[in-house]
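One structure, as structure tokens, below. Some questions next.
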2 protein chains.
Amino acid sequence: MRLPSSLRALAESLAKLPSIGPRQAIRLALHVSSLPREKQQALLGALGELSRVSRCVECGFPHEVSGDRCEICADPNRSARTVMVVEKETDLLSLEKVGRYAGRYLVIGSLPRGGTLSPEQQQVLARRAKMAQDAGGLDELILAVSATVAGEHLAGAVTAAMGGAARKVTKLGRGLPRGGEIEFADEDTLGYSLDSRH
Amino acid sequence: MRLPSSLRALAESLAKLPSIGPRQAIRLALHVSSLPREKQQALLGALGELSRVSRCVECGFPHEVSGDRCEICADPNRSARTVMVVEKETDLLSLEKVGRYAGRYLVIGSLPRGGTLSPEQQQVLARRAKMAQDAGGLDELILAVSATVAGEHLAGAVTAAMGGAARKVTKLGRGLPRGGEIEFADEDTLGYSLDSRH
């Protein structure tokens, strides 16, 4: 006895998604197959709607608006002379919530396991650097990477690929987070907070 | 700035699936939206194929074969006088791999949080009990539930709902698992293994 082939095929598709293991994929496929037809249709419909989404040619963020740029990159009030490089779309959303940044973004993705940028990432950075150069160069390139070893590596790689197009390359500040008690802060955080005291 | 509405709608659909939280749902929606169109189509296709799956009227296991019964329930070599109740489809698959059981199954689902069977589960059990009674009653009803408190509760509820249709109600044996060392076994397991010594 095995699962029907359509269920196995769906589980295999699902197992290819990030953070979904083969057992979870089987459970999900079984769950979806047990849903009433109208709920299956709703899921199919939601997936189908993705055909309306395209990626902004400038920053890579998904958008549905007409034209080839997202809301931010099409906004004349957002300075094109500052670019903030983020790893993930959700990082961009978190940073936008702060409401203090009036420049543009570039979503670059995680650094692959090997620690070097993928050819696609190199291409995106080279294209964006050229776009910036053609417009007279950037005033500032902000590396909004996580305060982790992987983040540092990504920052290094992005600087190497695109730093030449900017007069200044900066990184997000580090130190004690809100509510952070000195007693419980690790040494690196305390070191940052000392270096960036004000 | 927010995610495009189609991405948010997909994330909301995904967040309704078991074991997928809202953040993972957003990550998944973003990932799927960044896939090339042909991979999105493949996923859509796999989901669409689920329309070929139906549930066996006798045991509830999904099947694609014509007719209203699955392979096992349609197999004249599998005794209809023994029914093994399992919680999940994957439990059935694990038990079938052992290759020692020649009866039928009934997939009943987990016991809801409140600890009492849902009206749907009650209905499935009542229908299956009637089917068994009409055929002269079962020789044996096997409760293949996990060796957990939740499993015990489920076993109790199933016995109450369907035990009357069987001459004998049994549970899977308990004791030391393969490779289990006495030194590391917990008291309950050792107690089971003493009770079931042979």
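Let me spell it out: the conditions are (1) more than 19 Å from the chain's Cα centre (by Cα); (2) open to solvent by 40 Å² or more (accessible area, probe 1.4 Å); (3) modelled with pLDDT of 90 or more, and residue A:88 meets all of them except one. Which number is the exception?
All conditions are met except number (1).
Within the range A:1-29, how many residues turn out to be within 21 Å of residue B:12 (Cβ to Cβ) and over 20 Å from the mean Cα position of the chain (by Cα)?
Going through the range A:1-29 one residue at a time, the tally reaches 8.
Considering only the range A:91-118, state which residues are β-branched (Val, Ile, Thr) and open to solvent by less than 40 Å² (accessible area, probe 1.4 Å).
Residues satisfying the conditions are A:107, A:108.
If you don't mind, there's one more thing I want to ask. So in the range A:60-84, with the set limited to residues that are within 21 Å of residue B:29 (Cα to Cα) and among the β-branched types (Val, Ile, Thr), which one is nearest to the other protein chains (Cβ to nearest Cβ)?
A:72
Can you say whether residue A:133 is touching a helix residue (DSSP H, G or I) at 6+ places or on another chain (Cβ under 6 Å), open to solvent by 60 Å² or more (accessible area, probe 1.4 Å) and not in a loop (DSSP other than H, G, I, E, B), as far as the supplied structure shows?
yes
Sort out which residues of the range A:136-150 are surrounded by 14 or more Cβ atoms within 10 Å (Cβ to Cβ) and in a helix (DSSP H, G or I), and write them in order of number.
A:150
Right, something else. Go through the range A:164-180 and give me each residue that's under 15 Å from residue A:81 (Cβ atoms) and touching a helix residue (DSSP H, G or I) at 6+ places or on another chain (Cβ under 9 Å).
Matches in the range A:164-180: A:165, A:166, A:169.
If you don't mind, there's one more thing I want to ask. What is the number of the single condition among (1) over 19 Å from the mean Cα position of the chain (by Cα); (2) buried (at least 17 other Cβ atoms within 10 Å of the Cβ); (3) not aliphatic (A, V, I, L, M) that residue A:121 does not meet?
(1)
Would you mind telling me which numbered condition in (1) under 17 Å from residue A:86 (Cα atoms); (2) at pLDDT below 95; (3) not hydrophobic (A, V, I, L, M, F, W, C) residue A:159 fails?
If we test residue A:159 against (1) under 17 Å from residue A:86 (Cα atoms); (2) at pLDDT below 95; (3) not hydrophobic (A, V, I, L, M, F, W, C), just (2) comes out false.
When the residues of the range A:1-59 are filtered to those that are part of a loop (DSSP other than H, G, I, E, B) and crowded, with 18+ Cβ neighbours inside 10 Å, which remaining residue is farthest from the other protein chains (Cβ to nearest Cβ)? So that I can check it myself, show each step before the final result.
Just the residues of the range A:1-59 that are part of a loop (DSSP other than H, G, I, E, B), to begin with: A:1-4, A:16-21, A:35-36, A:53, A:56-59.
When the remaining residues are screened for being crowded, with 18+ Cβ neighbours inside 10 Å, the result is A:3-4, A:17, A:20, A:53, A:56, A:58-59.
On the way: A:3: 7, A:4: 4, A:17: 6, A:20: 8, A:53: 5, A:56: 11, A:58: 14, A:59: 11 Å.
Here the residue is A:58.
While we're on this one: What tally of residues in the range B:73-95 results from selecting those that are free of Cβ contacts under 8 Å to residues at least 12 places away in the same chain and either assigned to a loop (DSSP other than H, G, I, E, B) or of a type in the set (Asp, Glu) (or both)?
3
Scanning for something within 14 Å of chain B (Cβ to nearest Cβ), free of Cβ contacts under 8 Å to residues at least 60 places away in the same chain and of a type in the set (Asp, Glu), does the range A:121-139 turn up at least one residue?
no
If you don't mind, another one. Given the condition under 30 Å from residue A:50 (Cα atoms), surrounded by 14 or more Cβ atoms within 10 Å (Cβ to Cβ) and charged (D, E, K, R), answer yes or no: does some residue in the range A:62-69 qualify?
Yes; the residues of the range A:62-69 include at least one that is under 30 Å from residue A:50 (Cα atoms), surrounded by 14 or more Cβ atoms within 10 Å (Cβ to Cβ) and charged (D, E, K, R).
Next up: Which residue is modelled with the highest pLDDT, if the candidates are limited to the range B:169-195 and must be of a type in the set (A, V, I, L, M) and open to solvent by 70 Å² or more (accessible area, probe 1.4 Å)?
B:172
The values are calculated or read from the model by the stated rules, or taken from the named source; none is laboratory data. Fair warning: this is a prediction, and the values are worked out from it, not measured in the lab. All Cβ positions, even for glycine, are placed from backbone atoms using ideal geometry, and neighbour counts span all protein chains on display. Protein only, heavy atoms only, side chains kept; ligands, DNA and RNA dropped before computing areas. Shrake-Rupley method; radii C 1.70, N 1.55, O 1.52, S 1.80 Å.
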